Every structure is written in C-alpha cells, then in structure tokens.
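Inspection log for the structure reproduced underneath, given as structure tokens.
The values are calculated or read from the model by the stated rules, or taken from the named source; none is laboratory data. This structure is a prediction, so every number in the text was calculated from the model and none was measured. Using ideal geometry, Cβ is built from the backbone for each residue, glycine included, and neighbour counts are taken over all protein chains shown. The protein model used for the area step is the full one, side chains on, heavy atoms only, and it has no ligands, DNA or RNA in it. Shrake-Rupley method; radii C 1.70, N 1.55, O 1.52, S 1.80 Å.
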Amino acid sequence: MIAFGIMTLTPDSEATYLTEIARLAKKFDIECFWFIPSQINPYSQQVKGKRFDSLTNQWVDGDFPIPSVLYDRCFYGDDDHSKQCLPIVSWLKNRNDITFLGYGLPNKLELYESLKDSILSPYLPVSVFVSDSEMVFQELEARRKIVLKPINGSQGHGIYYIKKNDNSFHVKTEKQKQIISRIFPNKLKLLRWLKPLIQAKKYLLQPYLELYDQSLQPFDIRILLQKNEQGIWTERGRGIRTGTMGGILSNLSAGGIVKNFTEWADTLPPTTAEYIRSELNYILNHLPLLLESKFLPLFEIGVDIGIAKNGSIWILDLNSKPGRKVILQTAPEMKETLIHAPLLYAKHLLGLEQQERKSFYAKTLSH
Ligand SMILES: Nc1ncnc2c1ncn2[C@@H]1O[C@H](COP(=O)(O)OP(=O)(O)O)[C@@H](O)[C@H]1O
Ligand SMILES: [Mg+2]
C-alpha cells in the first residue's frame, strides 16, 4: 500500500475533490491521508490528521507517520496560519524520504525573471518590481496604462489598472465581484493612495494589455496540463474565462464565466483561429519542460493565456495548484480522469523511485 497524503491549510478546503480521490484510491492499492502541515508533531514526526477508511468510505481522525507521497493543495495568504505552515512544507520538500507530486512554482516576479530570456520570452508581459512610487509615475508617463499586481497574488485579488489622463489618474480594481473605479485629480492625491498600497505588499508592474472582447468583457484562455500515468505532460482541456463588462479580471473567483474553447474559436475567422491554435501549441509544447528545467518537478500547471485586441498572445499567469472548474464545466466527461490523475501519477513516481533505487543497487553491486 502506498501512503498518499493530501495537505491543505483548512480542514474543509476542496473537500469534494479530495474525498473523490480518496474513494478511488483503494483500487490502486493506495491509502489516503489528509492533514494540515501544522498537524505534524516535529518531535514524534507523527501527524494528527484524517485517514480515509475504505470500509465505511469516510474520513476518520487518526495518528500516522508522514505519508511517503504528498499532494500539496495549500493556498497561502498573508495570514499567520499560512506563515506557520510555509516553512513546514519547505522542510518536507527537503526530505529525501518524501516525494511531492509537484514542488510548486516561485512567485510571479521570480517566474518572470527565470523565463524572460527563454524561447517563451516574446509571450511574457514585461514585469518589473515596484520599488517606489516614483517608478510607477515614470511608467505611467511612458505607457499611460499599467497594471499593478501582488507578486504573490492569486484569484485576481488586489490587481489595479491605472491610467494617466492629462492631469488626473484613473484607478480601477475589482473587489467582491464589483468594479471599483476612482479618479485622482492630481499626482499628489494618487501618491497618497499609492504609497501605503505598495508599502503593505510587494507588487509588480506590467503594461496594461487590452485583453477584452467585442462586448468589452475581459477574457482569457485557461489550459490545464497534467502529467499522465507515464509521467508525460498531457493537456486535459482548455476553456475561455470571461469577466465583467468594463472590468479587468477574467478569474472565475472574480465572477468570470466559462465558455467552450472550440465554440469560441469557431466564431473567429478561420485563419485567426488557426493562428491562435498553433501559437498555443507552441507555448504548451515548451512550457512544462522549460519550467521543470528551471525549477523542481511539477505534476500539474494551470496556464492563463491572454489575447489582446491587436492579436498578440500573452502568458499571463502560471499556477502550480490549478483549479479544475474550467475543465469540469466545459468537458464534464473529464471528471474521472481528473480524479484518477494524482493517484496514477503517485504510482508512477513510486515505481520510478524503485527503478532508480534498483539501478543504483545494480551499479553499486557491479563496482
Ligand atoms: N497586464 C495585464 N493587462 C490586462 N489585464 C491583465 C494583465 N494581467 C492580468 N490581467 C487580468 O487579470 C487576471 C488575473 O491576473 P493574473 O496575473 O492571472 O493574477 P492571479 O494570480 O490573481 O490570477 C488575468 O486573468 C487577466 O484577466
Ligand atoms: Mg491567474
């Protein structure tokens, strides 16, 4: 039996998905555990979490050793609990006796720095760290429209669009599915708002890209890539996420809706659709291996691609803990594949480890 551990930050995070995985585990000879990183006792190295009982088909409280394969589904914020769990997860990642399905990706700025000289650089919006408010004004002078986003952000939280008019400045953001729009009559007024914002959190600055459709709704393409049971990167599906008219975000958590990719592509002139498809294929063929050459191994990646009004194609965001909503809504028949995937990949990883160990012993024996 393989001991397969799932880690989340709260006891109910993604409960349906994780319980579906646990229900199927037994047929692959896998036992599932579910815990919060802070539930590991550092002295005894025992975990106080939940074990899935395949007889009653329920999670039951239990004490167990740290499972040998871990599926990390922790979504960190700025809160104390996240700050407590992060170093525990880093410590786990450094242990040789534990294998993570995927080791995650760094923040948006580090990602940009690592990929900006790669073959995918033409698809990356130029991103700079916001070191002070003066550089924001310089960029506004040069580009007129910019975007600020937290370097550790996700789900569209805290993203700001800023536009410079002749004297005034227009700031737009989305909060709780509402568009919030403000005009600052002069530089000083904007500065009073901007300074505390960039002091509270680290931001990156990008040119504002016109990623909206004919009805002025922002949209992007979300693609889910996963490794299959042979460890080969596979596309599980793609969909179009569309946000609020006049807004800036296409994230589903910000109120976006999902459309079928093929139906959307069929509304485009055939040559445009063909161009977009071939560009996407180019990006998706290179991206996973490129990321794994720069960082540690991954199991799944959610890729956000933006298409600007002028036809340019942009890699907006890469998520190592992607959601499955876009795929489930556009291709519900994929549900079982998506639930099997972490289990099958865990089996593949352990099989591989055994093989590696065997070949290591074979080598040492021959010496
Ligand atoms: N440079 C940009 N110009 C215009 N819109 C953007 C830009 N960057 C991001 N967006 C919009 O904001 C959304 C969220 O940005 P993203 O970088 O994916 O951050 P998050 O991690 O919060 O999802 C994108 O899906 C896109 O709709
Ligand atoms: Mg995103």
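Calculated FRET efficiency, I232 and N186, Cβ-Cβ r, R0 35 Å, to nearest 0.05? Walk me through the numbers on the way to the answer.
Details: r = 57 Å, r/R0 = 1.62.
Efficiency for this residue pair is about 0.05.
Given +1 on the Cβ of Lys and Arg, -1 on the Cβ of Asp and Glu, and no further charges, what dipole in debye does region 237-300 carry about its Cα centre, rounded to the nearest 20? Walk me through the numbers before you get to the answer.
Numbers: 5 positive and 6 negative charges, 30 e Å.
That gives region 237-300 a dipole magnitude of about 140 debye.
Which net charge results when you count Lys and Arg as +1 and Asp and Glu as -1 among the other residues whose beta-carbon is under 15 Å from that of N152?
Values: positive: K83, K108, K149, K201, K202, K321; negative: D78, D79, E110, E113, D317.
Every neighbour counted, the sum reads +1.
What is the distance, in nm, between label points placed 7 Å from the Cα along the Cα-to-Cβ direction at K201 and at S114?
Distance between the two pseudo-spin positions: 2.2 nm.
With respect to the cross-link table entries K202/K321; K93/K172; K175/K201, which display a Cα-Cα separation exceeding 28 Å? Working shown, then result.
Details: K202/K321 21 Å; K93/K172 39 Å; K175/K201 17 Å.
Going by Cα-Cα distance, K93/K172 fall outside the 28 Å limit.
Could you check how much of the accessible area of the chain is carbon and sulfur, as a whole percent, using a 1.4 Å probe?
Values: 9660 of 18640 Å².
Looking at the chain in its full context, I get 52 percent from C and S.
With +1 on each Lys and Arg Cβ and -1 on each Asp and Glu Cβ, how big is the dipole of the chain about its Cα centre, in debye rounded to the nearest 20? Provide the component values of the computation, followed by the final result.
Details: 45 positive and 39 negative charges, 159 e Å.
Value, rounded to 20: 760 debye.
So how many Å³ per residue does the convex hull of the Cα atoms of region 106-264 work out to? Don't jump to the answer; show the numbers that get you there.
Values: hull volume 22.9 nm³, N = 159.
Residue-normalised Cα hull volume stands at 144 Å³.
Dipole size in debye (nearest 20) for region 2-100 around its Cα centre, Lys and Arg Cβ +1, Asp and Glu Cβ -1? It would help to have the intermediate numbers written out before the result.
On the way: 10 positive and 13 negative charges, 49 e Å.
With Lys and Arg at +1 and Asp and Glu at -1, about 240 debye.
Need the full-extension length gain, H81 to K325, defined as separation in residues times 0.36 nm minus the C-alpha distance. One decimal, nm.
On the way: separation 244, 0.36 × 244 = 87.84 nm, distance 2.62 nm.
Contour length minus Cα-Cα distance gives 85.2 nm.
How many nm is it between the label spots at N96 and Q354, if each spot is 7 Å from the Cα in line with the beta carbon?
Each label point lies 7 Å from its Cα, and together they span 2.1 nm.
How far apart, in nanometres, would the label points at S121 and A15 be if each is projected 7 angstrom from Cα along the Cα-to-Cβ direction?
4.9 nm
Can you tell me the relative contact order of the chain? Whole percent, Cα pairs under 8 Å, sequence separation 6 or more.
15 percent
Run the Debye formula on the Cα coordinates of region 128-207, all scatterers equal and no solvent, and tell me log10 I(q)/I(0) at q = 0.13, 0.15, 0.19, 0.20 1/Å.
Here the Debye-derived log intensity ratios amount to -0.35, -0.47, -0.78, -0.87.
Once you have the Kirkwood Rh of region 201-240 from its Cα pairs, apply Stokes-Einstein at 4 °C and 1.567 mPa s and quote D in µm²/s.
Numbers: Rh = 13.4 Å.
Diffusion coefficient, whole number: 97 µm²/s.
Percent of alpha carbon pairs in region 2-100 separated by more than 23 Å? Intermediate values should be presented prior to the final figure.
Numbers: 982 of 4851 pairs.
Result: 20 percent of Cα pairs exceed 23 Å.
Toward the positive end of the charge dipole of the chain, about the Cα centre and with charges on Cβ (Lys, Arg +1; Asp, Glu -1), which of T272, S168, G239 goes farthest?
Highest projection toward the positive end goes to S168.
Find which of M135, L225, W314 sits farthest along the positive direction of the dipole of the chain, computed with +1 on the beta-carbon of Lys and Arg, -1 on that of Asp and Glu, about the Cα centre.
M135
Relative to the present Cα-Cα distance, how much length would full extension add between Q214 and S68 at 0.36 nm per residue of separation? Let's see the in-between values first.
On the way: separation 146, 0.36 × 146 = 52.56 nm, distance 5.04 nm.
So the extension gain works out to 47.5 nm.
Along the charge dipole of the chain, Cβ charges K/R +1 and D/E -1, which of P297, P150, W193 sits furthest on the positive end?
About the Cα centre, the residue reaching furthest to the positive side is W193.
Under a Cβ-Cβ cut-off of 13 Å, what is the net charge of the residues other than K259 that fall near it, where Lys and Arg count +1 and Asp and Glu count -1? Mind dumping the intermediate values first?
Details: positive: R222, R238, R241, K325; negative: D213, D220, E263, D266.
Around K259, the surrounding residues sum to 0.
Return one number: the angle in degrees, 0 to 90 and rounded to the nearest 10, between the long axis of the Cα atoms of helix 270-294 and the longest principal axis of the Cα atoms of the chain.
50 degrees
Give the Cα extents of region 221-361 along the principal axes, in whole Å, largest first.
Principal-axis extents of region 221-361 (Cα, largest first): 61, 26, 26 Å.
Mind putting together the pair-distance distribution for the chain? All Cα pairs, 10 Å bins, whole percent per bin, short to long.
Taking every Cα pair in the chain, the percentages come to 5, 21, 29, 24, 14, 5, 1, 0.
Quick one: which of K163/K294; K83/K149; K116/K259; K195/K325 span more than 26 angstrom between C-alpha atoms? Walk me through the numbers on the way to the answer.
Numbers: K163/K294 35 Å; K83/K149 21 Å; K116/K259 31 Å; K195/K325 36 Å.
Pairs exceeding the cut-off: K163/K294; K116/K259; K195/K325.
Report the net charge of residues surrounding R236, where surrounding means a beta-carbon distance below 10 angstrom and charges are Lys +1, Arg +1, Asp -1, Glu -1.
Numbers: positive: R238, R324; negative: E235, E300.
Here the charged neighbours net out to 0.
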